[in-house]
Amino acid sequence: MPIEPLKPILEAALLAAGQPLSLVQLCALFGEDEGVSREDVARALEALAADCAGRGVELKEVASGFRYQVRTTFQPWVARLWTEKPARYSRALLETLALIAYRQPITRPEIEQIRGVVVSSSIIKTLEEREWIRVVGHRDVPGRPALYGTTRAFLDYFNLKSLDELPPLSAIRDLQDPQLTLAEAAASLGPPASDDGPPRETAAATDLPAEPFPARADGAATHRDS
């Protein structure tokens, strides 16, 4: 089927949804009698993405599906539409999130062993409230501590389709950049401490932007870590 008639329909649906739409959801827009295949929808999405070249918006595929968003290049100007400044999270929170993202599934005691300090309950609570992490199981050891992993919402927020798109730790060099990424936070900790080795000294706490990866297009305010 020609894809040109499909493009405005898909574009309208993506703009109206206000959230990512999966390929299955987009295919469900069409009835069986319309003769639109999954391949037709996929080709139309590719064409819509190509149409965004040189524009201020892009069609991006994230974990939950496809969405239109402002290109990060224009985020500084778009952000001025909102008077409230984005919340900023502590380095401790970002380091905790980085460890969960890169070494999941991981328990709270394991995070504490690597960081060398107790992980505040407020950090775990904030990450769970943001729906960036969740309990994915329990370690089969005395006490059965919870195992934490990241969520689909985490991938969506940080503009990732899958965990495979996380930047490799080996690629991180400069930790002085104030826009600290998850990879930089994890890299700053080094390898996990051995069971009988001394704990690592934790990095000094500092306020960091709530969006270590490129900012979301909607510029919505986020929660602040206590």
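A short reminder: the numbers here are calculations on the coordinates, not readings from a lab. This structure is a prediction, so every number in the text was calculated from the model and none was measured. Glycine also receives a Cβ, built like all others from the backbone with ideal geometry; neighbour counts cover every protein chain displayed.
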To the nearest 0.05, the calculated FRET efficiency linking E131 and T73 through their beta-carbon distance, R0 being 45 Å, is 0.95
Taking alpha-carbon centroids only, the stretch 99-166 lies from the stretch 1-40 a number of Å equal to 35 Å
Toy charge model, Lys and Arg Cβ at +1, Asp and Glu Cβ at -1: the stretch 6-81 dipole around Cα centroid in debye, rounded to 20, equals 540 debye
Rounded to 0.05, the calculated FRET efficiency for the beta carbons of V24 and E84 at R₀ = 30 Å is 0.25
Cα-only Rg/Rh for the stretch 1-40 with Kirkwood Rh rounds to 0.94
